[in-house]
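Enquirer: This is the structure, below, for whatever I ask next.
The values are calculated or read from the model by the stated rules, or taken from the named source; none is laboratory data. Quantities reported herein were computed from a predicted structural model and do not represent experimental measurements. Using ideal geometry, Cβ is built from the backbone for each residue, glycine included, and neighbour counts are taken over all protein chains shown. Quick note on the areas: whole protein, heavy atoms, side chains included, nothing else; ligands and nucleic acids left out. Shrake-Rupley method; radii C 1.70, N 1.55, O 1.52, S 1.80 Å.
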Amino acid sequence: MESPPRSFHKQNNIVCLKLCLLLFMGCVPDTTNLSYSQFLDTPAIIPYNSSDMASPFQTLSLDGYLSFDNNHHTAKDFGNVYHHLPSAVLYPKSVSDISSTIKLIFEMGSGSELTVAARGHGHSFHGQAQAHRGVVINMESLKGSPEMQVHLGQQPYVDVSGGELWINILHETLKHGLAPKSWTDYLHLTVGGTLSNAGISGQAFRHGPQINNVYQLEVVTGKGDIITCSGKQDPELFYAVLGGLGQFGIITKARISLQPAQKMVKWIRVLYSDFSLFSKDQELLISAENSFDYIEGFVIINRTGLLNNWRSSFNPKDPIQASQFNSDGKTLYCLEMAKYFNPEETDVMDQILLSKLQYIPSTLFTSEVSFVNFLERVHLSEIKLREKGLWEVPHPWINLLIPKSKIHEFAEEVFGNILTDNINGPILMYPVNKTMWNNKTSLVTPDEDVFYLVAFLSSVVPSSTGTDGFDKILTLNRRILQYSATANLGIRQYLPHYRTQEEWRAHFGSQWKVFIQRKSSYDPLAILAPGQRIFKKAVPII
């Protein structure tokens, strides 16, 4: 008997769906408890016949196609720690491709083990965009379908595909003198990916995260239904999906709020040796009526030089002054600010604000760059790391949201005792105003009006057995997470990762009941986002 084709393009109707039960004999082994060296030596075993996998989809009519072979790239993400191979990858050319595929799997019922994960640019950390023995949807195949549409007026916005990259949105909206209000530090991410989490950067203190700057979504639910939703139309689904970790639906289109864009950025960094002064000044700036457009900060532990250790592509106007600064091995705290402006404008606001800050006087470093280059600052660093072969390495990152009232206690223990040297990567730390965040979304934050994002963005050095080795970084991460849990500081994980539903229940706290209800309504068979390990397919959602 001739094997069925590997991909299917514009074929006919769905027939005999419920008769097609899949035989799964195993796939890539679960790497959860493996060390990095053991993981590298683990072969990818695919004992099932791909023609068996293809059978249920033979008569599925698609504008795009399904691939059943050579899909190893979808078993990898930016975290580069978990590797789960799917049985198939969908390359959709229309939203109906996604709907039809999910509807087929939904109609198979709980007897099928098939699950579905949406994969954007593959920038997840813990396998969230992977579907072990399931179907991965390559959302970037939807880019340009439909074409981006910028709408002018008193409340300008842009309609984009869920698979569109933020960097492309930036370039398109700038043609009209506009840009989105809130960003992530790295723009080569898809819209659906960041809106499924939150989308946080230095603008969040003023505008809230990206999920607060969306007017409307088109979503494909876990039943295969295509639904347009907003704060007024199907608001329950709208708020469920925003920050919902992909659990309730796949974002296929989004309407994003815009504002006038400036052409240039004044980029400023100042240093502190006293954490109290550092945090006090950060909190002062995010509460000021007229403040900077971007405020972040980071921690530098036991480093003497600055120029070779600046995060991203910051090049101070006075490199000699920066090169002469010596930290004497102290832990330093860097406050990073940016003010957007047009070349013809004169504004002394930043000087007035700086005069109120209590940084080390000799450590005021400034730079002026274009608006695009500022927002692309991390990508410029990516290019350098790729040239050195240091980009596609494991990134066991942890991101924490810490209440303002507990930040000093956290900093004293973590930066004073747990971390004795700088990690191989930046440590971000900056506060945001919760009053700018919508509490109807699925995102969980601390129960205070001001809280800090603290991110440990480690990169593993291949074959290293030192502090920048895989096992050492994981040990350090466990110490930080264990302290965060036992100290009862009210900390929440951002981009959360847990192994059991009990841990997820604790993470969501009082919001767990709503989360469960939403899952039952929009994805009752737990088909979507299996990599999060919140729900297991075929286990009743109650």
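Enquirer: How large is ³J(HN,Hα) for each residue in the stretch 126-133, as worked out from phi by the Karplus curve 6.51 cos²θ - 1.76 cosθ + 1.60 (θ = phi - 60°), to whole Hz, x for Gly and Pro?
Expert: Taking θ as phi minus 60°, the curve returns 10, x, 5, 9, 10, 9, 4, 6 Hz for the stretch 126-133.
Enquirer: Given the DSSP H assignment, sum -39500 (n - 2.57) over each helix run of at least 4 residues in the chain and divide by its residue total; what's the result at 222 nm in deg cm²/dmol, nearest 500? Could the numbers behind the result be given before it?
Expert: Values: 16 runs with 134 residues, N = 542.
After summing the helix terms and dividing by the residues of the chain, the value is -7000 deg cm²/dmol.
Enquirer: Taking θ = phi - 60°, what integer Hz values does the Karplus form 6.51 cos²θ - 1.76 cosθ + 1.60 yield along the stretch 508-518, in sequence order, with x for Gly and Pro?
Expert: Coupling constants for the stretch 508-518: 7, x, 5, 8, 4, 4, 5, 4, 4, 4, 5 Hz.
Enquirer: Can you tell me the orientation of helix 275-287 relative to the chain, as the angle in degrees between its alpha-carbon axis and the longest Cα principal axis, to the nearest 10?
Expert: So the inclination is approximately 70 degrees.
Enquirer: Still on this model: Which one, [x] 15; [y] 41; [z] 18, gives percent of Cα pairs over 43 Å apart as derived from the coordinates shown?
Expert: Computed from the coordinates, percent of Cα pairs over 43 Å apart corresponds to [z].
Enquirer: Also: Could you tell me which residue out of Gln532, Gln493, Ile402 lies farthest along the dipole of the stretch 397-542 toward its positive end? Charges go on the beta carbon: Lys and Arg +1, Asp and Glu -1, centred on the Cα centre.
Expert: Going by the Cα projections, it comes out as Gln532.
Enquirer: Would you mind working out the accessible area per residue for the chain, using a 1.4 Å probe, and quoting it in Å²? Before the final figure, lay out each step's value.
Expert: Details: 22850 Å² over 542 residues.
Counting only protein heavy atoms, the per-residue value for the chain is 42 Å².
Enquirer: OK, next. Of the listed pairs Lys280/Lys434; Lys388/Lys472; Lys181/Lys434; Lys223/Lys434, which have alpha-carbon separations greater than 25 Å here? Kindly include the intermediate steps, with their values, before the conclusion.
Expert: Working: Lys280/Lys434 17 Å; Lys388/Lys472 22 Å; Lys181/Lys434 17 Å; Lys223/Lys434 33 Å.
Beyond 25 Å: Lys223/Lys434.
Enquirer: Please give the peptides 126-139, 168-181 ranked by average Cβ packing (other Cβ atoms within 10 Å per residue), highest first, as a rough proxy for protection.
Expert: On the way: 126-139: 25.4, 168-181: 17.9.
Packing proxy ranking, top to bottom: 126-139, 168-181.
Enquirer: Moving on. At 1.4 Å probe size, with the rest of the protein present, what percent of the exposed accessible area of the stretch 428-527 is carbon and sulfur atoms? Working shown, then result.
Expert: Values: 2290 of 4600 Å².
Roughly 50 percent of what the probe reaches on the stretch 428-527 is carbon or sulfur.
Enquirer: According to the square roots a ≥ b ≥ c of the eigenvalues of the Cα gyration tensor, what is the shape class of the stretch 82-143, taking rounded for a/c under 1.5, prolate for a/b larger than b/c otherwise, and oblate for the remainder? Don't jump to the answer; show the numbers that get you there.
Expert: Numbers: a/c = 2.51, a/b = 1.11, b/c = 2.26.
Verdict is oblate for the stretch 82-143.
Enquirer: Carbon-plus-sulfur fraction of the accessible area of the stretch 102-176, 1.4 Å probe, in percent?
Expert: Values: 1190 of 2790 Å².
Answer for the stretch 102-176 is 43 percent, counting heavy atoms of protein chains only.
Enquirer: Taking amide H positions as placed 1.01 Å from N in the peptide plane, with prolines and chain starts having none, which residues 5 or more places from Leu242, or on another chain, fall under 5 Å of its amide H?
Expert: Those qualifying (amide H under 5 Å, at least 5 residues apart or on another chain) are Ser442.
Enquirer: Working with all protein chains in place, sort Glu113, Glu296 by solvent-accessible area computed with a 1.4 Å probe, largest first. Each step should come with its number before you reach the end.
Expert: Values: Glu113 100, Glu296 0 Å².
From most exposed to least exposed: Glu113, Glu296.
Enquirer: Please compute the length gained on full extension between Tyr215 and His176, using 0.36 nm multiplied by the number of residues separating them and subtracting their Cα-Cα distance. If you can, show how the numbers build up before the last one.
Expert: Working: separation 39, 0.36 × 39 = 14.04 nm, distance 1.92 nm.
Gain on stretching Tyr215 to His176: 12.1 nm.
Enquirer: Would you mind working out the magnitude of the charge dipole of the chain relative to its Cα centre, with +1 at each Lys and Arg C-beta and -1 at each Asp and Glu C-beta, to the nearest 20 Debye? Don't skip to the answer; put the middle values down first.
Expert: Values: 46 positive and 50 negative charges, 140 e Å.
Magnitude of the dipole: close to 680 debye.
Enquirer: Under a Cβ-only charge scheme (Lys and Arg +1, Asp and Glu -1), can you give me the dipole magnitude of the stretch 483-542 about the Cα centre, in debye to the nearest 20? Could the numbers behind the result be given before it?
Expert: Values: 9 positive and 3 negative charges, 20 e Å.
Charge dipole, the stretch 483-542, about its Cα centre: 100 debye, nearest 20.
Enquirer: Provide the per-residue ³J(HN,Hα) series for the stretch 490-495, in order, calculated from phi with Karplus coefficients 6.51, -1.76, 1.60 and θ = phi - 60°, each as a whole number of Hz, with x at glycine and proline positions.
Expert: Values, residue by residue: x, 7, 10, 7, 9, 6 Hz.
Enquirer: Check which residues have an amide H placed less than 5 Å from Ile137's amide H, if you skip close sequence neighbours.
Expert: Amide H to amide H, under 5 Å and 5 or more residues apart or across chains, Ile137 pairs with Leu90, Ala117, Ala118, Arg119.
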